[in-house]
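The values are calculated or read from the model by the stated rules, or taken from the named source; none is laboratory data. Note that the coordinates shown come from a computational prediction; the quantities given were computed from them, not determined experimentally. Virtual Cβ from ideal backbone geometry, glycine too; neighbours counted across all protein chains shown. Surface accessibility is based on the protein's heavy atoms, side chains included, excluding ligands, DNA and RNA. Shrake-Rupley method; radii C 1.70, N 1.55, O 1.52, S 1.80 Å.
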Amino acid sequence: MEFIKHQNWRYATKQFNPNRKVSNDNIKLLKQAIQLSVSSYGLQPYKVLIIEDDTTKQQLRAASWDQSQITNASHLFVFCNYTQVQPNLVDEYVALSAKARAVNVEDLMGYGNFMKTKLAEKSVAEQFQWTKHQTYIALANLLAACAELKIDACPMEGFEADKYNAILGLSDRGLNASIVAPIGYRSDTDHAQHFKKIRKPLKTLFETM
Ligand SMILES: Cc1cc2nc3c(=O)[nH]c(=O)nc-3n(C[C@H](O)[C@H](O)[C@H](O)COP(=O)(O)O)c2cc1C
């Protein structure tokens, strides 16, 4: 199975080669990998910003514990969850479904209303956590796709979301920086690429009943 081979190849990259850029063709594939991620109800309650601009990366590095991956990577993916689940998120999904499957919007209203009711049962804080959870699934797809393309990446929670939100103007759009992933190509001098993987043994991680 190639998947396992790719997962063993990848590692959380500490030093990127600042001179190597990911091609536009590969960026397109990575976007599709994120687009195809599963999400609860299929609502995809997030947006993904792809930062290439050096000045913006510098600002974000200062808000990321000064981690060098932010500036040295080719592209920085910032996954942003919607802070609340507004009814229009469901309406957009219903409209997309009707178009994709050639059915009338009216025929999907029952399901749409069901989703709205279930989501409205969540408090604002729960909605925030729920939308945030979905971004991690998209992150996992990005990481897996990167590994297959032999593109390096580093998932990162080591940043100050409030500062990201201010720098990128996210709060005004009802968004929050949830998780970020610089991607690019490892530096030859990144020692971390030689480290053995640390993972729990299968017998500890799993129980079969
Ligand atoms: C949600 C999340 C947040 C992480 N945050 C950081 C981070 O801020 N900086 C960093 O260098 N690595 C970060 N990592 C990388 C992990 O430390 C790394 O994935 C883990 O130790 C397993 O190692 P591997 O990815 O090399 O197999 C993060 C990983 C995840 C999944």
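Result for the chain in a Gaussian network model with C-alpha springs under 10 Å: among His191, His133, His75, the largest mean-square fluctuation is at His191. Comparing Ile167, Ile70, Ile151 in a Gaussian network model of the chain (Cα springs below 10 Å), the most mobile by mean-square fluctuation is Ile167. Of all accessible surface on segment 102-173 at a 1.4 Å probe, what whole percent is carbon and sulfur? Taking all protein chains in place, segment 102-173 shows 54 percent carbon and sulfur surface. For the chain, complete DSSP H runs whose alpha carbons reach 15 Å or more along their own long axis and whose mean Kyte-Doolittle score is -1.0 or higher are 24-35, 87-101, 105-120, 124-148.
Taking all Cα pairs closer than 8 Å and separated by 6 or more residues, the relative contact order of the chain comes to 36 percent. For Tyr46, the amide hydrogen comes within under 5 Å of the amide hydrogens of Tyr82, counting only partners 5 or more places away or on other chains and with H modelled in the peptide plane. Shape class of the chain from the alpha-carbon gyration tensor: prolate, with a/c at 1.5 or above and a/b greater than b/c. When nucleic acids and ligands are ignored and a 1.4 Å probe is applied, Val38 ends up with an accessible area of around 100 Å². Say we join alpha carbon atoms closer than 10 Å with springs in a Gaussian network model of the chain; which of Asp66, Asp91, Asp188 then has the biggest fluctuation? Of Asp66, Asp91, Asp188, the most mobile in the Gaussian network model is Asp188.
Rolling a 1.4 angstrom probe over the protein heavy atoms with all chains in place gives the chain an accessible area of 60 Å² per residue.
Only loop residues by DSSP count here, and only those with at most 12 other Cβ atoms within 10 Å; note down the GluC sites (Glu not before Pro) in segment 54-157 that meet that.
Glu121, Glu157
Taking the charge dipole of the chain about its Cα centre, with +1 at Lys and Arg Cβ atoms and -1 at Asp and Glu Cβ atoms, the residue from Thr56, Thr13, Met115 reaching farthest to the positive side is Thr13. In terms of the Cα gyration tensor, with a ≥ b ≥ c the square roots of its eigenvalues, is segment 73-165 rounded because a/c is under 1.5, prolate because a/b exceeds b/c, or oblate? Oblate shape, in that a/c is at least 1.5 and b/c is the bigger or equal ratio.
Around the Cα centre of the chain, unit charges on the Cβ atoms of Lys, Arg, Asp and Glu (plus for the first two, minus for the last two) sum to a dipole of about 660 debye.
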